[in-house]
Amino acid sequence: MSARKLYELAGKRDNQVFSPYCWRIRLALAHKGLAVQHASWRFTEKDSIAHSGQGAVPVLEDNGQVIHDSWNIACYLDRVYADRPALFDSPMSKGQALFIKHWLEGVIHPAMIKIVIMDILNCLDEKDQAYFRQSREARFGVSLEAFEDKSPEQLQRLRQALAPVRQTLKLQPFLSGQGVGFADFMLLGAFLWTGSVSDTALLESDDPIAHWREELLKSYAGALEGVLRPGF
Ligand SMILES: N[C@@H](CCC(=O)N[C@@H](CS)C(=O)NCC(=O)O)C(=O)O
């Protein structure tokens, strides 16, 4: 058995993984060429990750260490496996990736979740549905049905919010520059999250971001095999 284990959020099926934060780490491990055993986890299985001292995934076990939080895990992987391909190629790029993390989580995820909230609910294991509804309705202050917005205007708001990515990709192949880095995995994680639960097209097919996404999906196909929704 691998000494490395990643707990990832799953839906009805064990291989229906969809958390944006877990995708980041699945991609980061693949980038570093580190083998890992995947453990499917549901929201209501708090006991199985209690040893991490909190209740959210991803959680990584690695040679006796238990690390949680995708950003912390990425920093840990780059520190401990510094001889492998980098997630951040300098302290400065790490600092800038931290800005991208907060921009994604503060601007892009919220714009996306309004579009796919009911798709997320529908993909969840039965035992998670009541927990998800109750915790998210408390967070958003309205019913999930009232929160959902699949209107063309909401899609447009998301596409406009992604303009800095489009501008960046006109001048360089990746968010991280000339090579792929954790900033790319954080954005790709957001698209894998929405694409794993929903068939709503968030990008137009001629969007340069769609091209970037396709290229990365091809490069990391091995890590995504068996867990991508058919047709993604
Ligand atoms: N800041 C954390 C966020 C992790 C997180 O929110 N994970 C969600 C799954 S997408 C979770 O496990 N939530 C537990 C819950 O809602 O009870 C990270 O980057 O890893």
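Some values worked out for this structure:
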read-out	value
Breaking point among (1) part of a loop (DSSP other than H, G, I, E, B); (2) free of Cβ contacts under 8 Å to residues at least 60 places away in the same chain; (3) surrounded by 15 or more Cβ atoms within 10 Å (Cβ to Cβ), for Phe191	(1)
Search result, residues across the range 1-21 that are surrounded by 17 or more Cβ atoms within 10 Å (Cβ to Cβ) and in a loop (DSSP other than H, G, I, E, B)	Gly11, Gln16, Phe18, Ser19
Verdict on Lys170 being more than 19 Å from the chain's Cα centre (by Cα) and either away from the ligand (no atom under 16 Å from the Cβ) or modelled with pLDDT of 95 or more (or both)	yes
Pick from the range 194-232, criterion among the charged types (D, E, K, R) and in a helix (DSSP H, G or I), ranking: farthest from Leu162 (Cα to Cα)	Lys218
Every pair of residues 6+ apart whose Cβ atoms lie under 8 Å, when the first sits in the range 89-108 and is closer than 16 Å to Ser70 by Cα while the second is away from the ligand (no atom under 16 Å from the Cβ) and among the aliphatic types (A, V, I, L, M)	Ile100/Leu175
Residue within the range 25-38 that is within 13 Å of the ligand (Cβ to nearest atom) and surrounded by fewer than 17 Cβ atoms within 10 Å (Cβ to Cβ) present	no
Pair list, Cβ under 9 Å, 6 or more apart: the range 10-28 residue over 16 Å from Lys46 (Cα atoms) and without any contact (Cβ under 8 Å) to a residue 12 or more places away in the chain, other residue away from the ligand (no atom under 11 Å from the Cβ) and of a type in the set (Asp, Glu)	Arg13/Asp125
Residue identified as more than 13 Å from the ligand (Cβ to nearest atom) and either under 30 Å from Thr200 (Cβ atoms) or not assigned by TED's automatic domain parsing to the domain that holds His38 (or both) among Gln65, Gln96	Gln96
Those residues of the range 68-93 which are more than 15 Å from the ligand (Cβ to nearest atom), of a type outside the set (Ser, Thr, Tyr) and assigned to a helix (DSSP H, G or I), in sequence order	Asp78, Arg79, Val80, Pro91, Met92
The lone exception for Val180 - which of (1) in contact with a Phe, Trp or Tyr (Cβ under 7 Å, 6 or more places away or on another chain); (2) of a type in the set (A, V, I, L, M); (3) more than 18 Å from Leu104 (Cα to Cα) it fails	(3)
Residue that is nearest to the ligand (Cβ to nearest atom), among those in the range 119-139 that are of a type in the set (A, V, I, L, M, F, W, C) and surrounded by 15 or more Cβ atoms within 10 Å (Cβ to Cβ)	Phe132
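Results for (1) in a loop (DSSP other than H, G, I, E, B); (2) of a type outside the set (Phe, Trp, Tyr); (3) modelled with pLDDT of 95 or more, shown as yes or no for each residue.
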position: Trp23; (1), (2), (3): no, no, yes
position: Leu29; (1), (2), (3): no, yes, yes
position: Ala35; (1), (2), (3): yes, yes, yes
position: His38; (1), (2), (3): no, yes, yes
position: Gln54; (1), (2), (3): yes, yes, yes
position: Val66; (1), (2), (3): no, yes, yes
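The values are calculated or read from the model by the stated rules, or taken from the named source; none is laboratory data. Please read all numbers here as calculations on a predicted model, not as lab measurements. With ideal geometry, Cβ positions are generated from the backbone for all residues, glycine too; neighbour counts draw on all protein chains shown.
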